[in-house]
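Below is one structure, written out as structure tokens, with a few remarks after it.
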Amino acid sequence: MLSRAAVAMSGLLVLACLGGCGEQPGSGRVTLLPAAAQDGAAQDGAGLPSAPPTPPTGPTGPSGTPHLAASPSEAPSIRPSGSPPVRPSGSPPMASPMTPPGKPALVSSLAEASATGAALPVTGPPRFFVAANLPAARFPEGSKEAVITPVPPSVHDAATGRFIAAVPLPPGVESSWKLGAAAPDNRTFLFSGTSPAGTRFFRVRLGDDGRPGAPELVPDTGARVPGVVPALALSHDGSRFAFADLVPGGSVVSVVEVTTGRRRDWHSGDALVTGLSWAPDGRSLAVVSSPQGLGVLDLTSPEKDLFAATRILRPASGVPPMTSVAYTPDGTALVYAVGYAVERIPADGGVPALLAKPEPPKGASLAMRFDVDGTGRHLLFTHAWRMHRLDLRDGTTSSVRIDRGDLPRGSVSPDAAW
């Protein structure tokens, strides 16, 4: 039986294998349960990591926490129990840890990366939020066979946390992954999900009662995303989204057209990109990365190197970790968190100003992953199956329990967007 520590250590490999890698020698197997499996099957086991991986800097990561490398002999591969190992057709082989990483092939099938259509209208304070979770995982007593329960995203009442409905998964998507993104109308959302070929994306619109419509699967982008998507953002007009992908040699930031799947890539070298946000005019993208910090990517730039086209506004050196960012509704400033201190900085550069400093929940990570609603006033973050709401105008906070209804509930809290 693998311990909870072993599950955490092998989390990256587990998530990568959710995209379709074969079984490693000596590894366990994984049984896939139906999404409607009983909640208890996913509740009493160890969960997968809730935060994106941190690149090592010596024996510890930048936050000071130990950086744990996964052992292929310990990490189970993800496939239905009893099936032969399968590698998706056309997918590249996994890089050997002994092979120096090379620069990834970049795609430029999207002629215009900007999203300059009319922004979807803001409907007032958020009435709903959506929660996206990793597939739930547990290891039965005495077994090295992990049981994975697919988990769909879910819609909740923003005031009470009440469960409203599960978001349907489109054909070919087996489970949601960790992230969702929202347009400013509080009705249009984008999700990442696991599939045999890697991560796929789909858009969902909510009715006035919060009930989700049929999911719209984004055409195959051609990106072989293994499952570790540390950042996701939807443009204000809903026509494009941006995501970060971990690749050998660093990260790639991609902008994708929702209706066609065409995309444009930027390579970020050895940086880890953890936060993205679209400017309201759709011509730039705020980027949070380690070890660089907070910057603004010019989407009209011909550069393919991310940081050749990005102006750094807030260097990360000497400050607590940063993971999330959001433009203000007028596009003149950026809101971000340094640890749990929420700051604001002009979009063209300047002196940061402190907006709020909420008390971190007990046991919370060192950095706040958040989402800001279309009004620019309400900030949302989650921890321990609670939704925390921060009013950026007066700094007051409140929280409600996230009700899962009959959906599986693992030991890892979901991320949320509104």
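List every residue whose amide H lies under 5 Å from the amide H of Ala136, counting only residues 5 or more places away in sequence or on a different chain, with H placed 1.01 Å from N in the peptide plane.
Thr149, Val151
Amide H neighbours of Thr199 under 5 Å, counting only residues 5+ apart in sequence or on other chains, H built in-plane at 1.01 Å?
Val225, Gly227
Mind checking which aspartates and glutamates have their C-alpha under 17 Å from Lys144, skipping anything on the same chain fewer than 8 residues away?
Result set, ordered by chain and number: Glu23, Asp44, Glu74.
Can you tell me the dipole magnitude for the range 214-326 around its Cα centre, using point charges on the Cβ only (Lys, Arg +1; Asp, Glu -1), in Debye to the nearest 20?
It works out to roughly 120 debye.
Quick one: which residues, 5+ away or cross-chain, put their amide H under 5 Å from the amide H of Ser284? H built at 1.01 Å from N.
Excluding prolines and chain starts, which carry no amide H, the hits are Ala279, Leu299.
Can you tell me how much longer the chain between Ala364 and Asp394 gets when fully stretched, taken as 0.36 nm per residue apart minus their C-alpha distance, in nm with one decimal?
The span from Ala364 to Asp394 would gain 8.5 nm if fully extended.
At a Förster radius of 30 Å, what calculated FRET efficiency corresponds to the Cβ-Cβ distance of Ala118 and Asp209, to the nearest 0.05?
That pair, Ala118 with Asp209, gives E of 0.75.
Have a look at Thr259, Asn186, Ala233 and report the one farthest towards the positive end of the charge dipole of the range 175-290, computed about the Cα centre with Cβ charges (Lys/Arg +1, Asp/Glu -1).
Sorting the options by dipole projection puts first Thr259.
Using θ = phi - 60° and the Karplus form 6.51 cos²θ - 1.76 cosθ + 1.60, what ³J(HN,Hα) does each residue of the range 373-379 get, whole Hz, x for Gly and Pro?
Once θ is set to phi - 60°, the couplings for the range 373-379 become 6, x, 6, x, 9, 10, 9 Hz.
Report the gain in length on full extension from Glu303 to Ala341: 0.36 nm times residue separation, minus Cα-Cα distance, nm rounded to one decimal.
10.4 nm
Any read-out appearing in this document is the output of simple, stated calculations on the displayed coordinates, not a laboratory observation. Quick caveat, the model's predicted, so the values are computed rather than measured. Every residue, glycine among them, receives a Cβ derived from its backbone with ideal geometry; neighbour counts consider all protein chains shown.
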